[in-house]
Amino acid sequence: MRLSDEQARAAREAAWRLLDRFYVSRPQDIRERGVAYKLDVLVMDGPILTADAWLVCSEKRGLVRVRSSIPWEGQRRFCVAHELGHWVLHRGKVPYWICTEEQMRNSGNDLMERQANVFAGEFLMPEEIFRPHAEACEPSIANIIRLAETFRTSLSSTALNFLRLCARDAAVICTQNGKIHWDSRPAGCTLPQAKQGYPVGPEAALHSARFDPPVSAEKAVGPVEVPGSAWYPNWNGSLLEESIVLLENRVALSVLKPL
């Protein structure tokens, strides 16, 4: 189940109000743990066996625990921002949230998890600050990595936000185990909507990409021309594809442009 435009907008507006309250105007001003502390939400790191993070809250105070074994700063920051989303948007509906990596990456039919994800993405990459960066460069793996370093965010969430705001005719597709997981496209993109679960065809450059940490633009495969049918069923155009396998979340990202 997808969030309605109204539900997604409510999550983004809640993030904007919080950022305005703390006078955030630059990427380096976004300090999710400091904001949590000001909201009477204590954030701690520690061992968690079955989740990436959880939030327990009363009417006025909250406690967030983030799994200390998460090795990537972007994912840890997303966990904190995600739980802040629950605190701001959903406090009083249930007394606690236990959020797994899968829920943060694929929140399924749980609308509150989806809203918390939207809130987290907007809080860490607010449109007013992020959009000028996205519009100033072409969609590419190198530019996604550069923006992720600037905003200290995960590559997958940076790619999703970048392609939503970049105003270019391109798409980014996230795959897991060779099947499409999600896609992100700006308004007006001429590429079709990707089909979740569609197995990427053998002609795709994705299959030549290998996990080779640390992740860097030099590890990407492409850009190379591939048939559109490798990514979209019954689509006969050609694509320029660039793909990279991520350390984060055991997934791959591919930037696609129509030719």
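The values are calculated or read from the model by the stated rules, or taken from the named source; none is laboratory data. Nothing here was measured: the structure is a model prediction, and the numbers come from that model. Counting neighbours? That spans all protein chains shown, and the Cβs are built from the backbone with ideal geometry, glycine included.
Quick look at the values:
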read-out: Region 1-21 - residue that is outside any helix (DSSP H, G or I) and surrounded by fewer than 14 Cβ atoms within 10 Å (Cβ to Cβ) and, of those, nearest to the chain's Cα centre (by Cα); value: ARG2
read-out: Residues of region 56-69 that turn out to be surrounded by 19 or more Cβ atoms within 10 Å (Cβ to Cβ) and under 30 Å from ILE144 (Cα atoms), as a count; value: 4
read-out: PRO233, sole failed condition from (1) in a loop (DSSP other than H, G, I, E, B); (2) touching a helix residue (DSSP H, G or I) at 6+ places or on another chain (Cβ under 9 Å); value: (2)
read-out: Residue list for region 179-193, restricted to those being assigned to a loop (DSSP other than H, G, I, E, B) and farther than 13 Å from GLU241 by Cβ; value: ARG185, PRO186, ALA187, GLY188, CYS189, THR190, PRO192, GLN193
read-out: Residues of region 148-177 that turn out to be modelled with pLDDT of 90 or more, part of a loop (DSSP other than H, G, I, E, B) and not polar (S, T, N, Q), as a count; value: 4
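Residue by residue, here is whether (1) in contact with a helix residue (DSSP H, G or I) (Cβ under 8 Å, 6 or more places away or on another chain); (2) of a type in the set (Val, Ile, Thr); (3) in a loop (DSSP other than H, G, I, E, B); (4) not assigned by TED's automatic domain parsing to the domain that holds SER156 holds:
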position	(1), (2), (3), (4)
THR50	no, yes, yes, yes
VAL66	yes, yes, no, yes
PRO71	no, no, yes, yes
GLY74	yes, no, no, yes
ARG77	yes, no, no, yes
GLY85	yes, no, no, yes
ILE98	no, yes, no, yes
GLU102	no, no, no, yes
